[in-house]
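> Dropping a structure here in structure tokens format, bear with me for questions.
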Amino acid sequence: MRVHLRTSPLLWYNMLVFTIILARNSGVTIHDRWYRTHTANRFSRASDMHAFILLLACAVPPPLSVFAQQNGQLSSTLSPLSIQSLGSFYLTGVSNMNIKSCAVCTPPAEVTTACTMFSDTKCTTTVFAATENGFCVRADGTDENSGVFKLGDGDYQTDAKKQECVNLCVAYAGATGCEAVWGIEARGCYVHTSNLITKGSGSAQYSCWISGNLRVSRFASFETGFCARADGTDESTLFFKLADGDFQTDAKKAQCLARCVAYTGATGCEIVWGLDNRGCYVHTSTLITKGSGTTNYGCWILATQKPVATTTTPISTFAPIESGFCVRSNNVDENDGVTKLAEGDHQTDAKKAECLAKCTAFAGVTGCEVIWSQDNRGCYAHTSTSITRGNGVDRHSCWISSSLKSKVMFAPVETGYCLRTDGTRETGVTKLADGDFQTDAKKTECATRCAAVTGATGCEAVWGIDARGCYVHTSTSIFSGSGTDKYSCWILAPQKFLKTKEKGFCVRADNSDENDGVTQLTFEDTNTVETQARCITYCAQFPNFTGCEAIWNQGNRGCFVHTSTRITKGNNVDNHNCWIK
């Protein structure tokens with residue numbers, strides 16, 4: 001609806017007095033210098049009155065400005081400074097009573113109401129949340145280079161220049177973020193249009209603003225009740241009221257959430273209705289984790305503060321099946337701590353599964369073994385912590401507990417995420433569990449989870465960032481940790497120590513055979529990818545190993561480990577492969 005105000009100065013003045021009284025009763029502060037200047041002139045121009053009414057319309061209930069959001073300073077009433085700094089913005093786009101832009105009022109529902117009082121043009125201008133240090137990145141911390149456009153050159157370090165950059169971004173159609181850069185070659189003002197950005201990276205010489213709508217996605221789903229700690233108690237510290245009134249309807253809930261996400265350091269948002277303390281509140285405490293379930297309250301929690309997802313899969317008791325009976329790392333049979341659980345052949349998948357179930361229920365179990373087609377056939381449970389693998393012997397199968405297996409299958413932990421041999425990051429990973437994996441106990445848990453995955457070649461623990469969790473690698477390209485903080489990486493021992501395969505058996509520098517310090521680990525043909533991978537895994541678990549050798553299609557077939565320091569190469573003989581540590 002377009003409104004034409006044609007009337008006398010006296011009526012203008014009466015309207016002003018009425019509006020100021022209403023504003024004062026509503027708790028809105030009006031800047032004295034603005035008030036004195038314009039009342040002295042008694043609004044000699046109609047546009048002055050239009051601007052002032054619009055100012056008040058947008059300010060009740062109190063809006064957030066891009067500047068107030070930038071500093072994270074919100075209150076139930078606008079300060080005089082806020083009114084003054086907002087003035088020019090409210091006047092932006094006002095021409096002949098046709099309001100083309102409401103750059104600063106939020107949430108959108110309030111903006112639309114204010115704008116349509118004077119115009120049939122809806123307000124769709126982007127509003128940004130609080131400033132964050134660093135360039136704008138995705139949830140996993142990676143840079144977002146798609147949908148980025150430069151709007152201005154030069155340094156954008158001062159508050160005035162940052163303000164200027166935000167103004168440019170606000171006016172850009174489809175803006176989802178804004179970025180200011182200074183003091184480096186890439187200096188300038190940039191607008192983002194990608195929906196993948198979620199936060200600032202924390203890097204120096206950058207500032208980032210994320211659109212309020214994208215920031216909302218950081219919060220978990222709405223929960224009934226006030227925001228409570230994990231034990232259900234109320235969290236009354238670091239808790240601030242942003243607005244008065246009932247916030248029960250969907251529209252009012254959206255308004256409150258928009259206010260909260262714009263608040264610097266917000267960890268939760270809370271609404272209250274029908275009670276004396278009705279209103280919209282923001283939390284900045286890191287102790288809140290859930291809604292209390294209490295009526296007349298609602299709560300949103302920052303997603304990263306929610307407990308570990310209940311969908312996390314349980315830790316498997318055993319690592320994948322291996323051929324042979326269970327032996328120690330030096331290939332010696334383990335007869336201590338062995339209990340027979342069932343008689344009979346256990347060759348079929350069904351009988352193996354039956355035995356594995358019995359072992360899983362056995363107290364203190366560290367391994368499980370089945371035997372068939374010989375006198376000692378049956379199902380056995382191990383409780384010795386010395387077993388590390390199956391030895392490849394026929395008519396036997398072995399499972400090692402995943403906790404024991406994780407200690408022998410991976411090389412020592414390294415700082416950083418897992419890198420390929422060429423130094424690039426390996427992205428082919430599978431998440432096994434959510435949550436922070438920083439403590440020794442959690443890292444052990446993560447390595448145990450990874451050890452239970454068939455084909456695992458590495459393991460990665462992450463904490464303190466959005467990508468927190470436990471991940472397993474199955475790529476044979478990973479070789480080392482990146483050194484990056486908040487990550488730990490384990491590489492499958494053979495990939496870490498035995499990267500180069502040479503044809504022939506392992507010999508000394510003078511090409512003579514080395515028979516000292518050689519132990520046979522398996523007795524099978526070792527010419528397939530699977531059998532050779534198993535061979536070098538077994539070698540890497542052997543104490544003081546220096547090399548590994550695979551032989552096939554001849555009488556001494558099998559997998560051999562070397563401990564002599566004199567081996568240097570393979571001699572190119574057929575039916576043999578050699579790996580030097």
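> Just a yes or no: is a residue in the stretch 361-383 touching a strand residue (DSSP E or B) at 6+ places or on another chain (Cβ under 9 Å), open to solvent by 60 Å² or more (accessible area, probe 1.4 Å), part of a helix (DSSP H, G or I) and closer than 30 Å to ALA493 by Cβ?
There is no residue in the stretch 361-383 that is touching a strand residue (DSSP E or B) at 6+ places or on another chain (Cβ under 9 Å), open to solvent by 60 Å² or more (accessible area, probe 1.4 Å), part of a helix (DSSP H, G or I) and closer than 30 Å to ALA493 by Cβ.
> Right, next: How many residues, within the stretch 530-541, are among the aliphatic types (A, V, I, L, M) and crowded, with 19+ Cβ neighbours inside 10 Å?
Summing the residues that are among the aliphatic types (A, V, I, L, M) and crowded, with 19+ Cβ neighbours inside 10 Å in the stretch 530-541 gives 2.
> Being in contact (Cβ under 8 Å) with a residue 60 or more places away in the chain and within 12 Å of VAL327 (Cβ to Cβ) is the filter here; which residues of the stretch 352-407 pass it?
ILE387, THR388, ARG389, GLY390, ASN391, GLY392, VAL393, HIS396, CYS398, ILE400
> Determine the pairs where a residue that is more than 20 Å from ARG468 (Cβ to Cβ) and in contact (Cβ under 8 Å) with a residue 60 or more places away in the chain, located within the stretch 415-430, has a partner that is open to solvent by less than 80 Å² (accessible area, probe 1.4 Å) and part of a strand (DSSP E or B) with Cβ atoms under 6 Å apart, the partner being 6 or more residues away or on another chain.
So the pair list comes out as THR421/PHE479.
> Now for a separate question. For the stretch 273-292: of the residues being in a loop (DSSP other than H, G, I, E, B) and either over 16 Å from VAL261 (Cα atoms) or in contact (Cβ under 8 Å) with a residue 60 or more places away in the chain (or both), which is most open to solvent (accessible area, probe 1.4 Å)?
Once the filter is applied, the top-ranked residue is ASP276.
> Follow-up. Only one residue in ASN553, ASN511, ASN527, ASN544 is free of Cβ contacts under 8 Å to residues at least 40 places away in the same chain, open to solvent by 50 Å² or more (accessible area, probe 1.4 Å) and out of contact with any Ser or Thr (no Cβ under 7 Å at 6 or more places or on another chain), so which one is that?
Going through ASN553, ASN511, ASN527, ASN544 in turn, just one is free of Cβ contacts under 8 Å to residues at least 40 places away in the same chain, open to solvent by 50 Å² or more (accessible area, probe 1.4 Å) and out of contact with any Ser or Thr (no Cβ under 7 Å at 6 or more places or on another chain): ASN553.
> Same structure, new question: Could you check the stretch 563-577 and list, in sequence order, the residues that are among the basic types (Lys, Arg) and either crowded, with 17+ Cβ neighbours inside 10 Å or within 46 Å of the chain's Cα centre (by Cα) (or both)?
Selection gives LYS569 alone.
> Tell me, which residue of the stretch 222-241 that is without any contact (Cβ under 8 Å) to a residue 60 or more places away in the chain and assigned to a loop (DSSP other than H, G, I, E, B) is surrounded by the fewest Cβ atoms within 10 Å (Cβ to Cβ)?
For the stretch 222-241, the residue satisfying everything is ASP231.
> Output the number of the condition that THR249 fails; it satisfies all remaining conditions of (1) modelled with pLDDT of 85 or more; (2) under 28 Å from GLY435 (Cβ atoms); (3) surrounded by fewer than 20 Cβ atoms within 10 Å (Cβ to Cβ).
Answer for THR249: the failing condition is (2).
> Could you tell me whether the stretch 152-172 includes any residue that is assigned to a strand (DSSP E or B) and surrounded by 14 or more Cβ atoms within 10 Å (Cβ to Cβ)?
yes
The values are calculated or read from the model by the stated rules, or taken from the named source; none is laboratory data. Only a predicted model underlies this, so the values are computations on that prediction, with no experimental measurement involved. In this analysis, Cβ positions are derived from the backbone assuming ideal geometry, glycine residues included, and neighbour counts consider all displayed protein chains. Just the protein is used for accessible areas: all its heavy atoms, side chains included, with ligands, DNA and RNA removed. Shrake-Rupley method; radii C 1.70, N 1.55, O 1.52, S 1.80 Å.
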